[in-house]
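Reading through the structure tokens given below for one structure.
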Amino acid sequence: MSGLSTFRLDPRSGVGIAVQIRTRIAFLIADGELAPGDRLPPVRDLARHLGVNVNTVRSAYTKLDADGLVRTRHGVGTVVLAAGVESPHTGALSLGVNTVAVLIGGLNPFYLSLLRGIEDVAAEQGTLVLVTDTRDSPTLAEAMLPRLIARGVDGIVAVSVGGIATGQEPDRENGGRVPPIVYVDQPDRTGHVLLFDAHGAGYAATRHLREHGYEKIGIVTAPLSWPNVREVYEGYVQAVEEADGRLSPALVVEVGEFTVDAGRAGLERLLELPDPPSAVFAAGETLALGVLQEARSRGIDVPADLAITGYTDSPAAALVAPPLTMVSVPAREIGIQAMQTLAELIRGKKLRTRRKVLDVELVVRESCGSHWLRPFEGSNDEAG
């Protein structure tokens, strides 16, 4: 019985038994645990296993057949269909309440304020929010979408990673259904997109170091193949090239993830250079904390021997010694705007502004030897 062998009904849930059976099988199909061509258990066998009437199981199978998820043939049994085969239906199931899914890149402190903004708006609207960690994996994020759609979510906020790939949109004319999607921190996306001024952030943090006399500035960054990371890097490049017109590839260190350990490894690689940098811009909060930790473990005085700036700001950056100069982003505000935009799209409203960039701010503390605050203004709305 595959995934049905451990299935147990909940008579106290308020959901009908046939609906529970249908939903469980639909989810197993959406998750790939039941593949096209697989046979469902005979009606009598599943009824005996679950302790229910055969007509209850037969009713669930009939509905799954109408959904286009299975087909029952005499002498063959009930077989799982490939997507779109013999039926225009998608098999999306309503969860019974207004429900939105939020895809996030990882369990990173950066996302907490953003999620609070989404939750605040959702609570006012009586909307349930499902949060999915994609572990910074575009492949995992893309794989999650059909599962969420099959579960009947009303809309999706995709933060930093995930979305509908070009050419993979459902066939709406044949009943394909995809809920509204709002993209956050994904500059390569089209549609409804909310962004931080990541280019401005990289530029501000690096220019600040140059203005304080640091000439050799390294960068520790997540993979430059990630579009949102690439924009931060391009701001760094602009500030370096404005100063002396040269960018040393040796000063650019890519690490595989946003973690403290990755930040430490990044600084270690920079310090191994014959002529190491006098300052480092870390393109991520946890990377900046790792750079500082590695510097302190080596007895390097920050900022006397090494200056550090980072992106994005967090309470932790203000509590370490010395407090880190960081670029602050309006994470909660972008969460609020993303959820407000999604709610309007779910209601069917046509929105003129499809792409919006929110300003960032350089918060100067002690890791560069300065003690003042300077706002950095970026661009604003782009209508499309």
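Quick look at the values:
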| quantity | calculated |
| --- | --- |
| Label-point gap, in nm, between Asp65 and Arg347 - each point 7 angstrom along Cα→Cβ | 4.2 nm |
| Gain in span if fully extended, Arg39 to Gln125, counting 0.36 nm per residue against the direct Cα distance | 26.8 nm |
| Amide H within-cut-off set for Asp197, under 5 Å, with H built and near neighbours excluded | Leu358, Val360 |
| Cα Rg, Dmax, the stretch 101-255, angstrom units | 18.7, 62 |
| At least 15 Å along the helix axis (C-alpha) and Kyte average at least -1.0, DSSP helices within the chain | 17-30, 54-67, 110-125, 138-150, 198-211, 227-244, 260-271, 285-297, 331-346 |
| Net charge over other residues, Cβ less than 11 angstrom from the Cβ of Gly310 (K, R count +1; D, E count -1) | -1 |
| Mean ellipticity per residue at 222 nm, deg cm²/dmol - from DSSP H runs of n ≥ 4 across the chain, formula -39500 (n - 2.57) | -12000 deg cm²/dmol |
| Tensor-based shape of the stretch 297-347 (alpha-carbon gyration tensor, a/c under 1.5 rounded, otherwise prolate or oblate) | prolate |
| Listed peptides 307-313, 322-328, 353-359 by packing density, highest first (mean Cβ within 10 Å) | 307-313, 322-328, 353-359 |
| Structure-derived volume of the Cα convex hull per residue in Å³: which label, when the choices are [x] 144; [y] 167; [z] 179 | [y] |
| Under-5 Å amide H pairs with Thr325, H placed in peptide plane, nonlocal only | Arg365, Glu366, Ser367, Cys368 |
| Rounded, prolate or oblate (a/c below 1.5 giving rounded, otherwise prolate when a/b exceeds b/c) for the stretch 203-323 by Cα gyration tensor | rounded |
| Accessible carbon and sulfur surface of the chain relative to its total accessible area, %, 1.4 Å | 49 percent |
| Neighbourhood charge, 12 Å Cβ-Cβ cut-off, centred on Arg298 and excluding it, Lys, Arg +1 and Asp, Glu -1 | -3 |
| Cα gyration tensor, the stretch 110-164 - rounded (a/c under 1.5), prolate or oblate | oblate |
| Approximate spin-label separation His212-Ser5, in nm, with each point projected 7 Å along Cα-to-Cβ | 6.1 nm |
| Residue among Leu148, Leu103, Leu270 with the largest mean-square fluctuation in a Gaussian network model of the chain, springs linking Cα atoms under 10 Å | Leu270 |
| Area of Phe110 that stays accessible when all protein chains are in place (1.4 Å probe, Å², to 10) | 40 Å² |
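The values are calculated or read from the model by the stated rules, or taken from the named source; none is laboratory data. Just so we're clear, the structure is a prediction, and the values are computed from it rather than from any experiment. Counting neighbours? That spans all protein chains shown, and the Cβs are built from the backbone with ideal geometry, glycine included. Areas reflect the complete protein model, heavy atoms only, side chains present, ligands, DNA and RNA absent. Shrake-Rupley method; radii C 1.70, N 1.55, O 1.52, S 1.80 Å.
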